[in-house]
1. Hey, residue 530 hits all of (1) away from the ligand (no atom under 13 Å from the Cβ); (2) touching a Phe, Trp or Tyr at 6+ places or on another chain (Cβ under 9 Å); (3) open to solvent by less than 20 Å² (accessible area, probe 1.4 Å) but one; which does it fall short on?
2. Hey, can you tell me all the residues within the stretch 226-243 that are among the basic types (Lys, Arg) and open to solvent by less than 100 Å² (accessible area, probe 1.4 Å)?
3. Of all residues being assigned to a helix (DSSP H, G or I) and more than 11 Å from the ligand (Cβ to nearest atom) in the stretch 121-136, which is most open to solvent (accessible area, probe 1.4 Å)? Just the residue, please.
4. Pairs, please: C-beta under 7 Å, at least 6 apart or cross-chain, first residue within 15 Å of residue 382 (Cβ to Cβ) and open to solvent by 20 Å² or more (accessible area, probe 1.4 Å) and in the stretch 62-77, second basic (Lys, Arg) and part of a strand (DSSP E or B)?
5. Out of all the residues in the stretch 266-274, is one or more closer than 23 Å to residue 184 by Cα and buried (at least 18 other Cβ atoms within 10 Å of the Cβ)?
6. For the stretch 275-287, enumerate the residues that are open to solvent by less than 40 Å² (accessible area, probe 1.4 Å), over 18 Å from residue 481 (Cβ atoms) and outside any loop (DSSP other than H, G, I, E, B).
7. What are the pairs, 6+ residues apart or on separate chains, where a residue within the stretch 86-101 that is without any contact (Cβ under 8 Å) to a residue 12 or more places away in the chain and farther than 17 Å from residue 219 by Cα has its Cβ under 6 Å from a residue that is among the hydroxyl-bearing types (Ser, Thr, Tyr) and within 12 Å of the ligand (Cβ to nearest atom)?
Amino acid sequence: LIRCQSTSTEEPKTRTLLDNASNLLTNLLSGGNLGSMPIAEGAVSDLFSRPLFFSLYDWFIEHGSVYKLAFGPKAFVVVSDPIVARHILRENTFSYDKGVLADILEPIMGKGLIPADLDTWKLRRRVIAPGFHASYLEAMVKVFTHCSERSILKIEKLLEGEDLHSKKKVELDLEAEFSSLALDIIGLGVFNYDFGSVTKESPVIKAVYGTLFEAEHRSTFYIPYWKFPLARWLVPRQRKFQKDLKVINDCLDGLISNAKETRQETDIEKLQQRDYSNLKDASLLRFLVDMRGADVDDRQLRDDLMTMLIAGHETTAAVLTWAVFLLAQNPSKMKKAQAEIDQVLGQGRLTFELIKQLKYIRLIVVEALRLYPQPPLLIRRSLKPDVLPGGYKGNKDGYAIPAGTDIFVSVYNLHRSPYFWDNPNEFEPERFLVKRDNEGIEGWSGFDPSRSSGALYPNEIMSDFAFLPFGGGARKCVGDQFALMESTIALTMLLQKFVVELRGSPEEVELVTGATIHTKNGLWCRLTKRSDIH
Ligand code: HEM
């Protein structure tokens, strides 16, 4: 029965019958103790009146760490537990694909790593992941500092225009600034293209934002009307979306053809040992094109680049936004961060080696990711029937799920779970230094900083899947170290020069969510030069 149901050519009805039968079989084989999952019954207004992840949190506290959420004909299983997350993301990873997320992203990212089918994913992950090697990351430090300097310079110029007699402050939407900075960095790091968006606007930049906007619209719109045959011609926003996609695709095609014309084919080991400090083009595209034996058509390369452009842009901008939001409410922690910067850097420049000494700044970055994970939900769909562990306080024998079950792993809930964190809603970067044993939670090995295996930043391994800022298992983010170093450098360089305050109260900063958690109307801040304060 299990073999039969996994063939995708069966009629859907037959498949449902077979799924149910195989679930029954799974249940019988396990001794028949599988529990029925708690069901959350929320009003539809819960889903639309505020970001979904807030409602998912309330239901988690009410129904436990594995529950079913049904709205309309659709149902999702919501997971808020490290042991269950570990099962789905690492132990049983190939029994799940990206489900709804792949449906939404496929028109934008094609066969890029996020929506790709498993066969394509295996091939591309094998060549893309080695591209983020140590020398590449070291070379990226220069890109991160150079781009951050442009942002700092822009703020300094704005400050120069202020009234000399008053205490000089400038008001800025820092979320927008971080978005431009992250776009410039991802363009240079991934395909050696300078968007220059910190200082200018261009059709390509507009098209990137248009595409991101559409991806967000699709992820929050209930009926996928864009799939109707004529929608791309008849619906104005869909026409605009197709136009934006074409602008970006043409730009990427040009970059790919340039990279191919100047190709210098080399073995992967030699590529990783190149002298990156002297390379004019250290980008990931260069690496992918030059790698011997990794020939691939232009379409696939374009999908890979588009995926990284989208996956690596808004996410990093959001981390910086929330780090500043949290620091601005905690002036003593901002002072502590600045004292570290003064001690390690003074007025000097950042290098790869110095990042290792910026311990507190690194903890601020990960604490911002704990409180505001990007994305707040990981999305999966089961490819075959499975038995999920019961989770904290759930049914001890677990819950059977049929093939085709849509799952949200709520990283937001995991990161703010009162069962796994002390003071879960407080901003306490220091928490990552303190060991926490499993306190009788069966199957979870606790939080132990010494389990880091030399990593610079806390990760899912030392928390045994209670902290999942970059996911975990085979589908873990390929750009995690890139993003962490980028955020550390950008934050350090901002705090080296400026004191940041919120313009209004924290409550005025409304949250909205699509793929990432962002603000409704920007993160409006007041910046003062530190040298003007002393
Ligand atoms: C996957 C987070 C930056 C490229 C992921 C996943 C998470 C994540 C949680 C796993 C998704 C899942 O399991 O469904 C973040 C955060 C970032 C960031 C928080 C910034 C702070 C980047 C950057 C890049 C990147 C800079 C590229 C340069 C990717 C790709 C995947 C991915 C390609 C798919 C991996 C696969 O399926 O094999 N990211 N990411 N990300 N990320 Fe990131």
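1. Status for residue 530: all satisfied but (3).
2. 237
3. 123
4. Filtered contacts from the stretch 62-77: 75/68.
5. Within the stretch 266-274 (the criterion being closer than 23 Å to residue 184 by Cα and buried (at least 18 other Cβ atoms within 10 Å of the Cβ)), the answer is no, since none of the residues qualifies.
6. 285, 286
7. none
Residues are listed down the side, and each one gets a yes or a no for (1) within 13 Å of the ligand (Cβ to nearest atom); (2) under 30 Å from residue 115 (Cα atoms); (3) of a type in the set (Gly, Ala, Ser):
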position	(1), (2), (3)
350	no, no, no
363	no, no, no
371	yes, yes, no
380	yes, yes, no
411	yes, yes, no
423	no, no, no
440	no, no, yes
444	no, no, no
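The values are calculated or read from the model by the stated rules, or taken from the named source; none is laboratory data. If you're wondering where the values come from, they're calculated on a predicted model, not measured in any experiment. Every residue, glycine among them, receives a Cβ derived from its backbone with ideal geometry; neighbour counts consider all protein chains shown. To get the accessible areas, we keep the full protein, side chains included, count just its heavy atoms, and leave off ligands, DNA and RNA. Shrake-Rupley method; radii C 1.70, N 1.55, O 1.52, S 1.80 Å.
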